[in-house]
There are 2 protein chains.
Amino acid sequence: MFAFTFSLSHDAPTAPFPARQVSVHYHGWMPRRHNQSQSPSQVDVARAAGVSTQTVSRVISGQANVRPETARRVLAAVDELGYRVHAAAASLASGRTRILGVIEVSTARYSTSAINVGIETVASEEGYTVTTASVSDHASPDSFLDAFDRLERQGAEGVILLAPVTFLDNAMGARTERTPTVLMHHLTSGVGTDTVVDQSSIARLATEHLLSLGHRTVWHVSGDDYWLESRVRRQTWEQVLIEHGVTPPPVIPADWTPESGYRAGRTIAAIPDATAVFVSSDEMAFGVIRALHEAGRTVPDDVSVVSVDDIALAAYAAPALTTVRQPFEAVGRAAATRVIDLIEQREPSPIEPISAELIVRASTAPPGSAGTAR
Amino acid sequence: MFAFTFSLSHDAPTAPFPARQVSVHYHGWMPRRHNQSQSPSQVDVARAAGVSTQTVSRVISGQANVRPETARRVLAAVDELGYRVHAAAASLASGRTRILGVIEVSTARYSTSAINVGIETVASEEGYTVTTASVSDHASPDSFLDAFDRLERQGAEGVILLAPVTFLDNAMGARTERTPTVLMHHLTSGVGTDTVVDQSSIARLATEHLLSLGHRTVWHVSGDDYWLESRVRRQTWEQVLIEHGVTPPPVIPADWTPESGYRAGRTIAAIPDATAVFVSSDEMAFGVIRALHEAGRTVPDDVSVVSVDDIALAAYAAPALTTVRQPFEAVGRAAATRVIDLIEQREPSPIEPISAELIVRASTAPPGSAGTAR
DNA sequence: TTGTATGCGTTATCAG
DNA sequence: CTGATAACGCATACAA
């Protein structure tokens, strides 16, 4: 039934663009053997179809001004020979690569995967290819510069920074100046009006939900402050509290991981009158709730928890997470659309802001519902 | 504080490989203006260093046979001009791209992200670049062929199939024959001895754990059968049961998602004497447990649950998941190493099999522990 | 509507 | 140890 071999290959795999042959010795001049490679070139197609390479090129790129009959012949030859455009040659000649670069942190995360799906979708629709460069240490400017350089060398025409860049020195500036760049940060953090998901409204939604339930104050477990999203949410949370006349309690810092959420949860458990927490991600919320329960404080009876993201598992937490949904895929699509607009110097497509949506499930309740609920 | 602009760019972004200038009209022959682009080329460096382009090339690629002094001069010029190799030109000339292609399903998953991290790591160490092609429908052979073609056109010298390929017809075969390909499937499914994680031992570990706890039989919630991993685990589970003299109950099919796990959980809840379940992924286990609890059957008191993966959230489930850990990143690294070995036609690096590890947490217990545990 | 002639920036060959 | 020079495969301007 599983008749596959371990890896599909053979003894002598052929490089896609085979190195040219060792040239034979002659007395006079001798060209290096032309088109010795397996892969047929435009010349081969042209010969087979009885036209010039120019015509082949035209047909391939779907230009007009080709007699239908000629086009058909060319296409037939293409098919017959299994001809395919040689991307490197094409971009050398045209000056265009249609490559999109993505820089991301090398940390496994659900959101990364989801955003990538969005980017990929748009890219392939627009005929672009995506190449990725990972950055292991998001605190090191140099690793970002390296990643950027790798992408530029590869010919990336635009770059999406799916990573927290908290600095923007000359070196980085020089790069973003010559290569259109979109910072995911800004696409989602509501710095301008031009955002997909306004992080600040996420924080507002969460905080006000808790307040409206009757909680006197709301504690906050923040994400890694390298990320703008984290900072914007924290600021908004503070501001909302102030608007409601309450002095914000100290932030409980964490770093997006469930472990850090767990530690934050222990801190909260030690605060007797804490009844409501706004946690900056679902993953951290899992940790917070676990710590709370271990300390004998039930959610939502003793403490209410709202978080952010609505990952697939949010609905299956115990209790199911009340959370503000983030449309990751849409964010990815928006980012890709934006870079491509920039690259093609076209009017920027309007970005449809997606309003963050509060999904009320079972992790929040009015204060003092102990014994009442459940 | 956040003095960034929305997207870092400007009115006239420059393509990385700028299109050549419109040529000026002369009477006689006139070359199209050479090197009009911003980016300096080898010629510029050569001129600046007072050497030939050949020497520049040699220095750049770190070949021997260059006088130290000359090398220094070239390097200085490179630095001064900000010269960088033009990947397209280089691969056109050399026939090598050093591009690795990855085909993945466009479904957001934690594991995808984790495996990618591993691939990226090795790739960049080996000087390769990674480009991705997504496949939306993993049931459609054509979408795989498309993805493969996109990668080949781009010049991928090797391909990693991080997606379930359950067919292998001529069209696919032709591609995997000319381009070294590694099926993630086979790297992890124990078809040969040459595997990173033997899926079959995962299933054995899980099933025997449950049996050794004293459960009479073990039910199984499987993943999507498009994935070999899913099938191998199911077969092994059956086999282990048979070895222990018990007739395997019918499989409860699911598709990796927590929702499908939830549905499977309802099915199990309806089976009075089911006391142990082997669930093929942590994400599904969240769903299974939720359904069980809703039906009034507690985990692990009434029903024990083991799953697979040990994702970051597994330890924060309620109860914490007993699970068999899968070293995703290592799998990614192994896959990348393998394709690169294939590409460079070097002796395949020995793959260190990583033994799957059973992490016992709180979701399993001896049968009939109701009232005892907790 | 089609063909001819360059050049894109680099590497490889071979001669000094 | 170094330099001329010919490809690599395609796209483009221009002529026909």
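The values are calculated or read from the model by the stated rules, or taken from the named source; none is laboratory data. What you see is a predicted model; the values in this text were computed from it and never measured. Positions of Cβ are backbone-derived with ideal geometry, glycine not excepted, and every protein chain shown enters the neighbour counts. Surface areas here come from the heavy atoms of the whole protein model, side chains and all, with no ligands, DNA or RNA. Shrake-Rupley method; radii C 1.70, N 1.55, O 1.52, S 1.80 Å.
Can you list the residues in the stretch B:77-95 whose accessible area drops by at least 50 Å² when all protein chains are present, compared with the chain alone? Use a 1.4 Å probe, heavy atoms only.
Residues shielded by partner chains are B:Arg84, B:Leu92, B:Gly95.
How big is the gap, in Å, between the Cα center of the stretch A:313-335 and the Cα center of the stretch B:86-135?
The stretch A:313-335 and the stretch B:86-135 have Cα centres spaced 28 Å from each other.
Just checking the output field for B:156-165: average partner chain Cβ neighbours within 10 Å of each residue's Cβ?
Mean shielding by partner chains, rounded to a whole number: 2.
With the crude spin-label approximation of a point 7 Å out along Cα→Cβ, what separation in nm comes out for B:His244 versus A:Asn65?
So the label points at B:His244 and A:Asn65 sit 7.5 nm apart.
What's the ranking of A:77-86, A:101-110, B:282-291 by average number of surrounding C-beta atoms within 10 Å, highest first?
Ranking, from highest mean packing down: B:282-291, A:101-110, A:77-86.
Of the beta bridges DSSP finds with both residues in the stretch B:218-374, what % are antiparallel, to the nearest 5?
Roughly 20 percent of the beta bridges in the stretch B:218-374 run antiparallel, per DSSP.
Write down the Kirkwood hydrodynamic radius of the protein assembly as shown, to one decimal in angstroms, obtained as one divided by the mean of 1/r over all alpha carbon pairs.
Hydrodynamic radius (Kirkwood, Cα pairs) of the protein assembly as shown is 28.5 Å.
5 Å is the cut-off here: which amide hydrogens, built 1.01 Å from N in the peptide plane, fall below it relative to B:Val308, excluding neighbours closer than 5 in sequence?
Here B:Ser281, B:Asp282, B:Val324 satisfy the definition.
With both bridge residues required to lie in chain B, what share of the DSSP beta bridges run antiparallel, to the nearest 5%? Kindly include the intermediate steps, with their values, before the conclusion.
Working: 3 of 30 bridges.
In chain B, DSSP labels about 10 percent of beta bridges as antiparallel.
Work out from phi, with θ = phi - 60° and the Karplus expression 6.51 cos²θ - 1.76 cosθ + 1.60, the ³J(HN,Hα) of each residue of the stretch A:207-222, listed in order in whole Hz, and give x for Gly and Pro.
For the stretch A:207-222, the Karplus-derived couplings read 5, 5, 4, 5, 4, 5, 6, x, 6, 5, 8, 10, 8, 9, 9, 8 Hz, x marking Gly and Pro.
List every residue whose amide H lies under 5 Å from the amide H of B:His244, counting only residues 5 or more places away in sequence or on a different chain, with H placed 1.01 Å from N in the peptide plane.
Amide H neighbours of B:His244: none.
Mind checking the per residue accessible area of the stretch B:131-228 for me, 1.4 Å probe, whole number of Å²?
31 Å²
Might you work out the accessible area of A:Trp227 for me, using a 1.4 Å probe with all protein chains in place, and round it to the nearest 10 Å²?
So the heavy atoms of A:Trp227 present about 30 Å² to solvent.
Using a 10 Å cut-off around each Cβ of peptide A:256-268, what is the average number of partner chain Cβ atoms that fall inside?
1
What ³J(HN,Hα) values, in whole Hz, does the Karplus curve 6.51 cos²θ - 1.76 cosθ + 1.60 give for the stretch A:324-332 when θ = phi - 60°, with x put for Gly and Pro?
9, 6, 10, x, 3, 4, 4, 4, x
Taking H placed 1.01 Å from N in the peptide plane, check which residues at least 5 places from A:Ile99 or on another chain put their amide H under 5 Å from its amide H.
Amide H neighbours of A:Ile99: A:Thr129, A:Glu157.
Can you give me the P(r) profile for the stretch B:35-125? Cα pairs, bins 10 angstrom wide beginning at 0, each as a whole percent.
14, 33, 24, 17, 11, 1
Can you give me the relative contact order of chain B as a percent, contacts being Cα pairs under 8 Å and 6 or more apart?
It rounds to 14 percent for chain B.
Along each of the three principal axes of the Cα atoms of chain A, give the extent in whole Å, ordering the values from largest to smallest.
95, 53, 42
Based on the mean of other beta carbon atoms within 10 Å per residue, what is the order of B:239-247, B:205-213, most packed first? List each step's numbers first, then the result.
On the way: B:239-247: 13.6, B:205-213: 21.4.
Per-residue Cβ counts within 10 Å, averaged per peptide and sorted highest first, yield B:205-213, B:239-247.
What is the Cα radius of gyration of the stretch A:82-173 over 2.2 N^0.38 Å, N being its residue count?
Computed over Cα atoms of the stretch A:82-173, the ratio equals 1.19.
Quick one: buried accessible area between A and B, total over both chains, 1.4 angstrom probe, nearest 100 Å²?
Summed over both sides, the interface buries about 7800 Å².
Looking only at other chains, what is the average number of their beta-carbon atoms within 10 angstrom of each beta-carbon in B:304-317?
Neighbouring Cβ atoms belonging to other protein chains average 4 per residue here.
How large a share of the accessible area of the protein assembly as shown, in percent, is made up of carbon and sulfur atoms when the probe is 1.4 Å and the other protein chains stay in place?
51 percent
Compute the distance in nm between two label points, each set 7 Å from the Cα along the Cα-to-Cβ direction, one at B:Ala171 and one at B:Arg153.
Distance between the two pseudo-spin positions: 1.5 nm.
Can you work out ³J(HN,Hα) from phi for every residue in the stretch B:309-318, in order, using Karplus 6.51 cos²θ - 1.76 cosθ + 1.60 and θ = phi - 60°, giving whole Hz and x for Gly and Pro?
2, 6, 5, 4, 7, 4, 6, 10, 6, 10
Per residue and in cubic angstrom, what volume does the convex hull of the Cα atoms of the stretch A:288-374 have? Write out the running numbers ahead of the final one.
Details: hull volume 8.2 nm³, N = 87.
So the per-residue hull volume is 94 Å³.
B:Asp273 label point, 7 Å along Cα→Cβ, cut-off 20 Å on backbone N: hits in the stretch B:240-260?
What the label zone holds, given the 20 Å backbone N cut-off, is B:240-252.
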